[in-house]
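Below: the structure, in structure tokens.
The values are calculated or read from the model by the stated rules, or taken from the named source; none is laboratory data. Source: prediction; values computed, not measured. Don't worry about glycine lacking a Cβ; one is built from the backbone with ideal geometry, like all the others, and counts go over all protein chains shown.
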Amino acid sequence: MSSDQDKILLDETRGFEKRPVRDNTAEILREKREVSEAVPDAEARKLMGKRSRRSFLTGGVAAVAGVLGWWWISDETKAGLYRRSFEFNERVSQIFFRPTRLVREFPQDKITQDRLNGFEGMSEGFDAAAWKLSVGGLAGRSDDLILTMDDIKRLPRTELITEFKCIEGWSYIVKWAGARFSDFAAAYPPKTQSGAAPDIASRPHDLLSYVSLTTPDEGYFVGWDLPSILHPQTLLAYEINDQPLSLEHGAPLRLASATKYGIKQIKRIGRIEYTSERPRDYWAEEGYDWYAGF
């Protein structure tokens, strides 16, 4: 660089130092800063090359050490690390969770091509016309209540256009129609911890804490915490994109949620049970996050 260019660069740098706005850490902490004399081009390139090689070697060694260290750790220890990470994520999610905090909804023209995925619990020979829903853990009952699609469709109908997110990383915009689970729970309330009459609106913490949902063949099952499943954007859905659910999409009834990944949105629900203990969850037993919220 020429001496004139060096002078311009030095003047510009000193001009930044004289700015009255305290918008960086050095100014806020009143750190002493000095501008060095101009460095010859060849010397600057040599210095930068040394620092770049040093950074590359340091980063490479750290990466190799990390990989070898991970291989060295036992599977049991890895499982414990995963579990603690999932538990931490769940606690953070629950801290920020609010029933009134809604996920973005989209206009009709933003609907995208749907995608099929996840066929666990979708055994062949299923007769959707003969389907019935079994509901356990209900207030005032010791046995299961059996419901039909007519019972579900008598509940207030809700339509939502939201983003379906898969834990694999893909997503699409989809329109669901069905009954809010909160409306279902109001019509068919769970037992309470205290034995008092259930009151979802004013005493939700007195209700049984969890909900288990299972396919008719019991090949797929998910567990939900009650606050999440009572979120107003969680539906017992029977339509997708203005059409009845196909068998592949979980007909006649599936769960649709704007706050959970697809692994929690069970298709072809055969049984719903309110419970005080955290239910089994298909993918959690395979090492995935039980909460699976975002």
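Brief remarks on what is shown
- Scanning segment 196-234 for residues that are under 11 Å from ALA185 (Cα atoms) and hydrophobic (A, V, I, L, M, F, W, C) yields ILE200, ALA201, LEU207, VAL211, LEU226, ILE229, LEU230.
- Residue pairs meeting the criteria (Cβ under 7 Å; at least 6 apart or on separate chains; first surrounded by 12 or more Cβ atoms within 10 Å (Cβ to Cβ), in segment 108-119; second among the hydroxyl-bearing types (Ser, Thr, Tyr)): THR112/TYR172; ASP114/TYR172; ARG115/TYR172
- Of all the residues in segment 243-282, those that are of a type in the set (Lys, Arg), without any contact (Cβ under 8 Å) to a residue 60 or more places away in the chain and closer than 16 Å to SER228 by Cβ number 2.
- Residue that is crowded, with 20+ Cβ neighbours inside 10 Å, in contact with a Pro (Cβ under 7 Å, 6 or more places away or on another chain) and not acidic (Asp, Glu), where the choices are LEU245, LEU213: LEU245
For (1) in contact with a strand residue (DSSP E or B) (Cβ under 9 Å, 6 or more places away or on another chain); (2) under 30 Å from LEU116 (Cβ atoms); (3) modelled with pLDDT of 95 or more; (4) part of a strand (DSSP E or B), each residue gets a yes or a no:
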position: ASP143; (1), (2), (3), (4): yes, no, yes, no
position: ILE173; (1), (2), (3), (4): yes, yes, yes, yes
position: PHE184; (1), (2), (3), (4): yes, yes, yes, no
position: SER194; (1), (2), (3), (4): no, no, no, no
position: ALA197; (1), (2), (3), (4): no, no, no, no
position: HIS205; (1), (2), (3), (4): no, no, no, no
position: LEU213; (1), (2), (3), (4): yes, yes, yes, yes
position: PRO216; (1), (2), (3), (4): yes, yes, yes, no
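- The set of residues in segment 121-158 that are under 25 Å from the mean Cα position of the chain (by Cα) and closer than 23 Å to THR275 by Cα contains only GLY121.
- Failed criterion for GLU168 (all others in (1) in a strand (DSSP E or B); (2) under 16 Å from the mean Cα position of the chain (by Cα); (3) among the acidic types (Asp, Glu) hold): (1)
- Sole residue being over 19 Å from SER228 (Cβ atoms), of a type in the set (Lys, Arg) and surrounded by 15 or more Cβ atoms within 10 Å (Cβ to Cβ), chosen from LYS132, LYS165, LYS175: LYS175
- When residues in segment 189-213 are screened for being in contact with a Leu (Cβ under 8 Å, 6 or more places away or on another chain) and among the polar types (S, T, N, Q), 3 of them pass.
- Hits in segment 263-289 - residues which are buried (at least 22 other Cβ atoms within 10 Å of the Cβ) and either outside any loop (DSSP other than H, G, I, E, B) or of a type in the set (Phe, Trp, Tyr) (or both): ILE263, LYS264, ILE272, TYR274
- Matching residues, segment 221-235, being in contact with a helix residue (DSSP H, G or I) (Cβ under 9 Å, 6 or more places away or on another chain) and more than 19 Å from PRO279 (Cα to Cα): PRO232, LEU235
- Subset of segment 232-262 [within 15 Å of VAL211 (Cβ to Cβ) and in a loop (DSSP other than H, G, I, E, B)]: LEU253, THR259
- Subset tally (residues that are touching a Leu at 6+ places or on another chain (Cβ under 9 Å) and either assigned to a loop (DSSP other than H, G, I, E, B) or touching a residue at least 24 places away in the same chain (Cβ under 8 Å) (or both)) for segment 148-158: 5
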